[in-house]
Amino acid sequence: QVQLVESGGGLVQAGGSLRLSCAASGLTLRNYAMAWFRQAPGKEREFVGTINWSGSMMDYTNSVKGRFTISRDNPKNTVYLQMNSLKPEDTAVYYCAATPTYNARRTGSYVYWGQGTPVTVSS
């Protein structure tokens, strides 16, 4: 049974940092590109960023470029999202997801999803 479990969310002040983790089980992580999405209250789930299987390529949505960094540790079957200079508009539930195809930005391209971890940025 495949599971993706996010952790590391919480409450932080604007300008602060958080690091989210996504621990995978039941699959070999190096076979998948991974991504982070987020969903704010009343809004659709949106793409945040993605990383290819080896960690050599990443891509981000414009609103987080220069502030967020995705990384992965395949032997540990874990993906990370380092979030710096957080803004109130980053408040959302953050989800990790797995896909065989790198740089897919549509939710429908992703095979496996975690349950999400909430991030709240206060002003």
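The values are calculated or read from the model by the stated rules, or taken from the named source; none is laboratory data. No experiment lies behind these values; they were computed from the predicted model shown. Please note that ligands, DNA and RNA were not included when accessible areas were found on the heavy atoms of the full protein model with its side chains. Shrake-Rupley method; radii C 1.70, N 1.55, O 1.52, S 1.80 Å.
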Straight distance only, please: which lysines reach the Cα of LYS87 with their own Cα at less than 21 Å, same-chain residues fewer than 8 apart left out?
LYS43, LYS65
Just THR69, THR99, THR28 to compare: in a GNM of the chain, with alpha carbon springs under 10 Å, which one fluctuates most?
THR28
Looking only at SER17, SER56, SER109, which one moves most when the chain is put into a Gaussian network model with springs between Cα atoms under 10 Å?
SER56
In the range 54-122, how does Rg compare with the Kirkwood Rh, expressed as the Rg/Rh ratio over alpha carbon atoms?
0.95
For the chain, averaging the sequence separation of alpha carbon pairs under 8 Å that lie six or more residues apart and dividing by its residue count, the contact order in percent is 36
Heavy atoms of TYR112 accessible to a 1.4 Å probe, total area in Å² rounded to 10:
70
Skip the ligands, DNA and RNA, and give the accessible area per residue of the chain with a 1.4 Å probe, whole Å².
50
Please give the solvent-accessible surface of TYR95 in Å², to the nearest 10, using a probe radius of 1.4 Å with every protein chain present.
30
Over the chain, equivalent-ellipsoid semi-axes from the Cα gyration tensor in Å:
22, 14, 14
Out of ASP59, ASP90, ASP73, a Gaussian network model of the chain with alpha-carbon springs under 10 Å gives the largest mean-square fluctuation to ASP73
